[in-house]
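To start, the structure under review is shown below, and the notes come after it.
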Amino acid sequence: MAEITVTEYLLLHQKKSPHATGLFTGLLYDLILSGKIISRRINKAGLLDILGGTGEINVQGENVQKLDELANHILTWRMERCGALCAMSSEENAELIRIRPEFPSGDYILIFDPLDGSSNIDVNINVGTIFSILRRPHGNCGEVTLEEVLQPGVNQVAAGYMLYGPSTMLVFSTGQGVHGFTLDPGVGEFLLSHPDMRIPQQGNIYSVNEGNRKNWDEATRQVVDWFHACQAKDGKNYSSRYVGALVADFHRTLINGGIYMYPADAAKPQGKLRLMCEAAPLAFLAEQAGGRASDGTGRILERAPAHLHMRTPLFIGSADDVAAVEKIYAEHKNHS
Ligand code: AFP
């Protein structure tokens, strides 16, 4: 395995851009350091009093886990001081977090889900941190406005995640492919383990919470039935896998191919997943890896967020599998 650390990778990348100031590299460095700190705390979670809920409900109406709160604190504390940001938005905070005047600032905007899949923590199943980096429109100064932050995913300058699984992995893209790094806990560094990751054109795994079937409309039932009935190109039937942590389900999809789906339903008419901190960053990675991400009718990356915590249906993964879903929704719409 090539022993390139992520720091070396970032510095090499920076040297290739003659106008780079190092701010962006510094931002990613601090983000990665925060991920390493979260990873260390998660590894010890069973030994410390940090499992379970805090008793509070977050902005999404969900139970706040102690580790959610801890991961959010680790990220907001460090990233506020990194010097490259003008604002941040966390899944755990209702409002936009503007960088306070006592800290140096830049024109980058960080959107993150500090601990995706956190309801899995108590049972020691994978969780992760998802991040998206945007840039303030060129030339704007003064206090950053919400409108400047509400950008479609197509504007992202980088996106990625840290997956706290059997190994801790960092997967990210700055718009030049998707690269995966694995944390070597002995040296405390992420080493390049998965250069230039590509999603297979078609997979043989579908991933959806079928417990929601009773709430699906007819078109969504047809979509899932298609994966039940259809054979993948390799002649095998599709298999079902569902971790219930988007970051883990996406990571499997990125490597093995197939599709992850969280459709809208009668109980969640806009879908469950958040556009800015979950769907858009993973859509950026999917497209960079040759896959696709759709809300069932069009590209996730083109959806303009109406507010920070807007939700969206999500169909993401192998290009052919996502295309099959869009075709069924389109046919259904034409016949109704
Ligand atoms: P939590 O962070 O509250 O566990 O939510 C996880 C999540 O947003 C996403 O990671 C999962 O894919 C999805 O929800 C699972 O939702 P269901 O439990 O409704 O299937």
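The values are calculated or read from the model by the stated rules, or taken from the named source; none is laboratory data. Everything numeric here is computed off the predicted structure, so don't read it as measured data. Note: ideal-geometry Cβ built from the backbone for every residue, glycine included; neighbour counts use all protein chains shown.
Structure data summary
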{"read-out": "Top-ranked residue in the range 251-264 [being closer than 20 Å to ILE125 by Cβ and more than 9 Å from the ligand (Cβ to nearest atom); ranked as nearest to the chain's Cα centre (by Cα)]", "value": "HIS251"}
{"read-out": "Matching residues, the range 225-242, being aliphatic (A, V, I, L, M) and part of a loop (DSSP other than H, G, I, E, B)", "value": "ALA232"}
{"read-out": "Elements of type strands (runs of 3 or more DSSP E) in the range 121-224, at least 3 residues being closer than 24 Å to ILE111 by Cα", "value": "127-135, 158-164, 168-173, 179-184"}
{"read-out": "Yes/no for PRO166 being more than 16 Å from the ligand (Cβ to nearest atom), over 19 Å from GLY291 (Cα atoms) and out of contact with any Phe, Trp or Tyr (no Cβ under 8 Å at 6 or more places or on another chain)", "value": "yes"}
{"read-out": "Selection count, the range 96-120, where residues are part of a loop (DSSP other than H, G, I, E, B) and free of Cβ contacts under 8 Å to residues at least 40 places away in the same chain", "value": "8"}
{"read-out": "Which listed residue, of ALA248, ALA232, ALA267, ALA219, is within 10 Å of the ligand (Cβ to nearest atom), out of contact with any strand residue (DSSP E or B) (no Cβ under 7 Å at 6 or more places or on another chain) and of a type in the set (A, V, I, L, M, F, W, C)", "value": "ALA267"}
{"read-out": "Scan of the range 293-308 for residues that are over 14 Å from the mean Cα position of the chain (by Cα) and under 24 Å from LEU134 (Cα atoms), ordered by number", "value": "SER294, ASP295, GLY298, ARG299, GLU302, ARG303, ALA304, PRO305, ALA306, HIS307, LEU308"}
{"read-out": "Residue list for the range 320-336, filter: over 18 Å from the mean Cα position of the chain (by Cα) and in contact (Cβ under 8 Å) with a residue 40 or more places away in the chain", "value": "ASP320, ASP321, ALA324, VAL325, ILE328, TYR329, HIS332, LYS333"}
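Listed here are the residues, each with its yes/no results for (1) buried (at least 24 other Cβ atoms within 10 Å of the Cβ); (2) assigned to a loop (DSSP other than H, G, I, E, B); (3) not assigned by TED's automatic domain parsing to the domain that holds GLN151.
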| position | (1), (2), (3) |
| --- | --- |
| LEU254 | yes, no, yes |
| LYS268 | no, yes, yes |
| ALA286 | yes, no, yes |
| ALA293 | yes, no, yes |
| LEU308 | no, yes, yes |
| ALA324 | no, no, yes |
